[in-house]
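Report on the following structure.
The values are calculated or read from the model by the stated rules, or taken from the named source; none is laboratory data. These numbers come from a predicted model, not from an experiment. Cβ atoms come from the backbone with ideal geometry, glycine included; neighbour counts cover every protein chain shown.
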């Protein structure tokens, strides 16, 4: 990232020198997809790619935003005393939502300017929105000494998504970004928010992110529909047994009684949730045992379940995963993110084969879909922080 360009743009747009520079990571979920809003276990990690921001205080009650990634939007102007989700705010609504969520408890004395730029692929499923939300939180903590704790900040991000943006997401994205730790994944129970750090050492293998370059927008996707189906399944099941979350249902009981759901789609969705949660638990065990081959197999199983049972993948992502699974040195691959109708997939690939695998997968993908894929090998990062 060219931070000098970001700082110069800040000065050009706002007519003043920046005061501080921040970074907030993106995230990738290794396994445990569509489990967070069902109260289960997930295994995300923060990335070395993310969102950068140059910020400085203002003397009034305005927050002015500028993105080098959406320069045609110009300056987005927010009023601290009238924060609303407005179409004309575009990407700035994520910042507005965080400020509104933070506001009641940590009243801001005045506004600020913020210029941002990211190196996450747009609409890729690597949580650029959560990255921006947690960046905004980091800016508020730093400029105003708000003192919002890490878990509380993640919860405020979830509130922003649910109540301000209108996506029925769980806590995983914001938690992974905010609580990220270098070289570790976050093994999180999304029901009680208990978590532990799991060291990630793939040995002779590495994580390859494969970007479909097909945009995805959760508010327009099947994400909310799948959320509603899971809540319906839980409602029906609770007529027979007591389950606080869908993952609380015993798998053996479900297999014997799944006909009570009365809908094949609900049976499929519930089956994915229960077995994906189990796979996540088993994946942590495999990683702790340094059994990377078994972990790769769990990735393959996860994608098959997302495709056949949760029916949330799309042709582009399926093509990427299928092509990757056929490559030499690839132990496993699957979609990642809330919706496989665009966004990214991940693969565990031998370090010496990563470049060749990416080349071959790219050729297959281009031939079958017409899109040009992007490929990235990344490091596992810590959470949001001031870097200057």
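Taking the conditions (1) within 24 Å of residue 387 (Cα to Cα); (2) surrounded by fewer than 24 Cβ atoms within 10 Å (Cβ to Cβ) in turn, residue 26 satisfies each one other than (2).
From the list 173, 183, 191, exactly one residue is touching a residue at least 40 places away in the same chain (Cβ under 8 Å), under 23 Å from residue 223 (Cβ atoms) and over 16 Å from the mean Cα position of the chain (by Cα). Which is it?
Of 173, 183, 191, the one residue that is touching a residue at least 40 places away in the same chain (Cβ under 8 Å), under 23 Å from residue 223 (Cβ atoms) and over 16 Å from the mean Cα position of the chain (by Cα) is 191.
Residue count for the stretch 55-104 satisfying the condition of being touching a residue at least 40 places away in the same chain (Cβ under 8 Å), out of contact with any strand residue (DSSP E or B) (no Cβ under 7 Å at 6 or more places or on another chain) and exposed (fewer than 14 other Cβ atoms within 10 Å of the Cβ): 2. Consider the stretch 1-10 and keep the residues that are in contact with a strand residue (DSSP E or B) (Cβ under 9 Å, 6 or more places away or on another chain) and in a helix (DSSP H, G or I). The one that is surrounded by the fewest Cβ atoms within 10 Å (Cβ to Cβ) is 5. Out of 252, 263, I need the residue that is farther than 25 Å from residue 222 by Cβ, surrounded by fewer than 16 Cβ atoms within 10 Å (Cβ to Cβ) and at pLDDT 95 or above. Which one? Criteria check complete, one pass: 252. Of the helices (runs of 4 or more DSSP H) lying entirely inside the stretch 151-265, those containing at least 3 residues that are on the phi < 0 side of the Ramachandran plot and in contact with a strand residue (DSSP E or B) (Cβ under 8 Å, 6 or more places away or on another chain) are 172-178.
Of all residues being in contact (Cβ under 8 Å) with a residue 24 or more places away in the chain and more than 15 Å from residue 211 (Cα to Cα) in the stretch 353-367, which is surrounded by the most Cβ atoms within 10 Å (Cβ to Cβ)? Just the residue, please. Across the stretch 353-367, the extreme among qualifying residues is 353.
On the given criteria, is residue 306 at pLDDT 95 or above, surrounded by 17 or more Cβ atoms within 10 Å (Cβ to Cβ) and under 18 Å from residue 36 (Cα atoms)? When the stated conditions are applied, residue 306 passes them. Here residue 327 clears all of (1) touching a residue at least 60 places away in the same chain (Cβ under 8 Å); (2) farther than 30 Å from residue 139 by Cα; (3) not in a helix (DSSP H, G or I) except the condition numbered (1).
Can you confirm whether residue 124 is more than 13 Å from residue 65 (Cβ to Cβ) and modelled with pLDDT of 95 or more?
Details: more than 13 Å from residue 65 (Cβ to Cβ): yes; modelled with pLDDT of 95 or more: no.
Spelling it out, it is not the case that residue 124 is more than 13 Å from residue 65 (Cβ to Cβ) and modelled with pLDDT of 95 or more.
The residues listed here are 145, 111, 150; of these, the one that is surrounded by fewer than 24 Cβ atoms within 10 Å (Cβ to Cβ) and in contact with a helix residue (DSSP H, G or I) (Cβ under 7 Å, 6 or more places away or on another chain) is 150. When restricted to residues that are crowded, with 18+ Cβ neighbours inside 10 Å and either in contact with a helix residue (DSSP H, G or I) (Cβ under 8 Å, 6 or more places away or on another chain) or part of a loop (DSSP other than H, G, I, E, B) (or both), the stretch 379-388 contains 3. Output the residues belonging to the stretch 327-362 that are at pLDDT below 95 and farther than 20 Å from residue 293 by Cα. Matches in the stretch 327-362: 337, 338, 339, 340, 341, 342, 343, 344.
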